[in-house]
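To keep things clear, I will list the structure first and then write my remarks on it.
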Amino acid sequence: MPSAPTDAPIDGWCDARFERVREVFASHLAGDLEHGASVAVAVDGRPVVDLWGGVADAARTRTWQRDTLVNVYSTTKGLTALCAHLLADRGRLDLDAPVARYWPEFAQAGKERIPVRHLLCHQAGLAALRRDLPIEDLYDWTRTTTALAEETPWWEPGTAHGYHALTFGHLVGEVVRRISGKSLGAFFRDEVAGPLGADLHIGLAAEHDARVAELIPPPVDPLFQQMLAADPTSLLARALANPAPDPRLTATRAWRGAEIPAANGHGNARSIARVYAALARGGALDGVTLCRPATLERASTVVASGPDLVLRIPMHWGLGYVVNAAKSIYGPNPRSYGHTGYGGSFGFADPDARVAVGYAMNRMAATLVGEPRGTALIAAVYDSLSA
């Protein structure tokens with residue numbers, strides 16, 4: 001197959017009012033910031049930007065297509081959290097009830113009183129497993145959830161927050177599974193992605209492999225590696241490197257096929273934006289009602305703020321979402337909320353402007369918060385809105 005051109009064209013469309021978004025996206029692809037990517041914006045549920053471009057593999061042999069998928073890492077967490085909120089909206093899940101009410105084995109090691117809401121806002125003290133977690137165990141739902149049920153919290157639950165980088169999805173997902181009888185991936189497919197027609201997957205079937213873009217790993221951060229090596233048994237090392245986040249694993253069938261609801265969602269900007277478009281409109285879109293506005297208000301209200309014990313930066317956590325309280329991540333409005341993934345992908349809803357934005361790419365950045373491509377695209381969206 002001949003190589004795709006290094007200046008693979010931008011495809012898709014955007015409303016004339018949002019031409020600035022196209023310009024910024026094009027500049028990233030023309031420069032050295034981007035490899036292949038997609039960006040999408042909806043205003044009051046109406047798509048106004050749906051762009052994609054670049055190439056889908058490191059060798060530049062595949063052009064990024066309209067239906068290209070990519071692993072979006074922790075952008076998956078916002079989708080996982082939504083599943084829990086749908087059950088709460090339907091009266092099947094009490095967020096203030098002990099996790100052990102739904103998952104009796106969880107009561108081990110002094111965890112019998114931890115409420116479900118602490119799982120969602122990273123306050124449960126279960127940001128990591130102390131024992132080594134082989135990657136094969138992460139792929140095995142029962143092994144990982146059994147290990148989490150046996151684990152002792154790293155801090156007194158409810159007194160602090162620390163990013164549950166890999167454990168979030170299994171913790172929330174097991175509660176969803178116990179209540180619904182469906183795995184997290186199946187519940188999300190049946191209750192969210194399917195009804196909305198969103199091309200998003202938590203646990204990807206092999207039939208979609210040919211559509212998946214290859215992730216380009218970020219540069220190695222020597223300081224971060226030094227911090228991990230200084231104490232491999234620390235909370236930081238266990239939470240962020242047990243197992244180590246190796247983007248090369250995302251090319252394997254084992255990774256793609258497993259359900260890792262904190263990290264292995266596959267999708268594109270259009271579908272991420274579609275889910276958040278429903279949230280930006282109070283939970284309903286195109287005749288599909290996911291939940292009530294009050295449910296989303298509760299989900300996006302800050303319940304934990306200040307320095308994060310794992311990320312070591314100030315965070316504002318809602319119930320499963322990063323809340324834009326400091327106006328520094330998702331545009332100018334403090335009530336915006338969503339989630340960002342390792343490497344740079346993100347999705348968020350702005351209920352005040354009724355705006356939703358999705359972004360997915362394959363060239364990964366080392367920075368999680370304030371990544372320049374996403375920051376510039378979001379600025380272009382709001383510049384367009386105010387023009």
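The values are calculated or read from the model by the stated rules, or taken from the named source; none is laboratory data. What you see is a predicted model; the values in this text were computed from it and never measured. All Cβ positions, even for glycine, are placed from backbone atoms using ideal geometry, and neighbour counts span all protein chains on display.
A quick yes/no check of all residues on (1) buried (at least 24 other Cβ atoms within 10 Å of the Cβ); (2) part of a loop (DSSP other than H, G, I, E, B); (3) in contact (Cβ under 8 Å) with a residue 40 or more places away in the chain; (4) touching a strand residue (DSSP E or B) at 6+ places or on another chain (Cβ under 8 Å):
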position	(1), (2), (3), (4)
256	no, no, yes, yes
265	yes, no, yes, yes
272	yes, no, yes, yes
277	yes, no, yes, yes
302	no, yes, no, yes
310	no, yes, yes, no
For this session: Give the residue that is farthest from residue 231 (Cα to Cα), with candidates limited to residues of the stretch 312-354 that are touching a Pro at 6+ places or on another chain (Cβ under 7 Å) and surrounded by 21 or more Cβ atoms within 10 Å (Cβ to Cβ).
Result: 324
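Every residue, every condition in (1) of a type in the set (S, T, N, Q); (2) at pLDDT 95 or above; (3) crowded, with 21+ Cβ neighbours inside 10 Å; (4) in a loop (DSSP other than H, G, I, E, B), yes or no:
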residue: 91; (1), (2), (3), (4): no, yes, no, yes
residue: 95; (1), (2), (3), (4): no, yes, no, yes
residue: 108; (1), (2), (3), (4): yes, yes, no, no
residue: 122; (1), (2), (3), (4): no, yes, yes, yes
residue: 126; (1), (2), (3), (4): no, yes, yes, yes
Exercise. Among the residues of the stretch 183-215, which ones are buried (at least 16 other Cβ atoms within 10 Å of the Cβ), outside any helix (DSSP H, G or I) and on the phi < 0 side of the Ramachandran plot?
Worked result: 183, 198, 199, 200, 201, 202, 204, 212, 213, 214, 215
Exercise. What are the residue pairs meeting all of these: first residue in the stretch 224-252, first residue within 25 Å of residue 212 (Cα to Cα), second residue assigned to a helix (DSSP H, G or I) and at pLDDT below 90, Cβ atoms under 8 Å, and 6 or more apart or on different chains?
Worked result: 240/228; 241/228
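Pick out the one residue from 101, 131, 113 that is in a helix (DSSP H, G or I), in contact with a helix residue (DSSP H, G or I) (Cβ under 9 Å, 6 or more places away or on another chain) and surrounded by fewer than 22 Cβ atoms within 10 Å (Cβ to Cβ).
Matching residue, one of 101, 131, 113: 101.
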